[in-house]
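Have a look at the structure below before the remarks.
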Amino acid sequence: MKTIINRVFAKKEEPAQSPAQPSHLSSELSHSDIENYYLRIIVDCLRRMLVPPDSIEVGVKRAGVGPSGLSAFAGYVRILKWDSVLTPVLLQNMPVIDARIRKVVDASIILEHTHFAGIWFQANDNTEGAPKSLLGVPAELVHQPGGVPPNSP
């Protein structure tokens, strides 16, 4: 036992210190790494909303520089298959989806030095199952005199 302890605590010659060599590895993330991280966040958000993965195509691209001077990234969602129930609900909830993504981005240490420029949705007339004519018309609000005054209790 003594011999083992002596070997462990025996003074060994320190290897000669060589000058520090520049590292070939970098701790910085590339734009591609950041795009992939944003992509995972967006896909996960849409998956949690039960959007079938085969009905959309998601991409992320660098979108220049944000208002605070940080690199900006934008998400793009192309609708590949139009579902008459799911797709209108998805489009109606664009602000909610954007807010959910921003919440995750704001909590991320990895993305703290980037700017999320938003999420863009796109569908074209070739989208499978897309309507071929207008399905509704926006309502027009008409002010009718004699209603309740705006400052009344």
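Here are the numbers:
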| item | result |
| --- | --- |
| Efficiency of FRET between residue 57 and residue 113 - r from beta-carbon atoms, R0 30 angstrom, step 0.05 | 0.60 |
| Global form of the range 32-153, assessed from the alpha-carbon gyration tensor, a/c cut-off 1.5 | oblate |
| Estimated dipole of the range 34-153 in Debye, rounded to 20 [Cβ of Lys and Arg +1, of Asp and Glu -1, Cα centre] | 180 debye |
| Charged-residue dipole, Cβ positions (Lys, Arg, Asp, Glu), the range 69-132 about Cα centre, Debye nearest 20 | 60 debye |
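The numbers here are math on the coordinates, done by the rules we state, and not lab data. On a predicted model such as this, the values are computed, not experimentally measured, just so you know. No Cβ is skipped: glycine too gets one built from the backbone with ideal geometry, and neighbour counts run over all protein chains shown.
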